[in-house]
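Worksheet: the structure to be examined is printed underneath.
The values are calculated or read from the model by the stated rules, or taken from the named source; none is laboratory data. Just so we're clear, the structure is a prediction, and the values are computed from it rather than from any experiment. Using ideal geometry, Cβ is built from the backbone for each residue, glycine included, and neighbour counts are taken over all protein chains shown.
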Amino acid sequence: MKIDRKLNIIIEMDRGEGSKLFVHAAPVSREVFDAHWQMIAKAYGAIMNSDMAGFATRVAMRMIRQVAEDSGTNADALADEIRLRATVVLQNGGKWDTIPLQQAVSGGMLDEEEAAEVDNNIAFFTCCWHMTPRAQRTEFLTGLARRWGVQTSSSDSTAWANSLRMSTATGSSGPSQTATP
């Protein structure tokens, strides 16, 4: 997972056998936050003021849904907005492609467990981003980044994807030809 200077999050997912994909997500807009601020604030408070803080990236979306259910509302619109701000970056034919997260999930590119992991990570990131005072946001999220073992990037998802290098197999091209006198 990485958080860039623009406070976007990048989650690296190992797919096995050296294959990786990344999820790049930005926090929801101020307008979306204004429409769902109580859900975000209550979920953030419930996580941070309990013994769940250490598991925040595993339970944040679940907590948002629980807060919504407890208040008789629905979290689907907020969950959709959080996902809308996320892009999957994966290798395709020698280059890195970007695909909207929802399309990657519905297309089976992420299994249920991976999709839940991504949802919870980006939900917690969104809660932190909006609930932390602006003057303290970078410091707070940098601290979380260290705790999560993340790196930073200053690019949006497209530029970030374009900066990735393609892995190539290297090996012997055969025996070297040497001239004999």
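Pairing each residue of the range 40-56 that is more than 16 Å from residue 121 (Cβ to Cβ) with any residue that is loosely packed, with under 14 Cβ neighbours inside 10 Å, provided the two are 6+ apart or on different chains, yields C-beta distances under 8 Å for 42/71.
For the structure I just gave you, tell me whether residue 158 is modelled with pLDDT under 75 and in contact with a Ser or Thr (Cβ under 8 Å, 6 or more places away or on another chain). Yes; evaluated as a whole, the condition is true for this residue. Taking the conditions exactly as written (small (Gly, Ala, Ser) and without any contact (Cβ under 8 Å) to a residue 60 or more places away in the chain), does residue 19 satisfy them or not? Judged against the criteria, residue 19 is not a match. Taking the range 41-70 on its own, how many of its residues are modelled with pLDDT of 95 or more, over 21 Å from residue 133 (Cα atoms) and either of a type in the set (Asp, Glu) or out of contact with any Lys or Arg (no Cβ under 8 Å at 6 or more places or on another chain) (or both)? Going through the range 41-70 one residue at a time, the tally reaches 8. Selection of strands (runs of 3 or more DSSP E) fully inside the range 1-118 by the criterion of at least 1 residues being surrounded by 15 or more Cβ atoms within 10 Å (Cβ to Cβ) and aromatic (Phe, Trp, Tyr) returns 19-25, 95-100.
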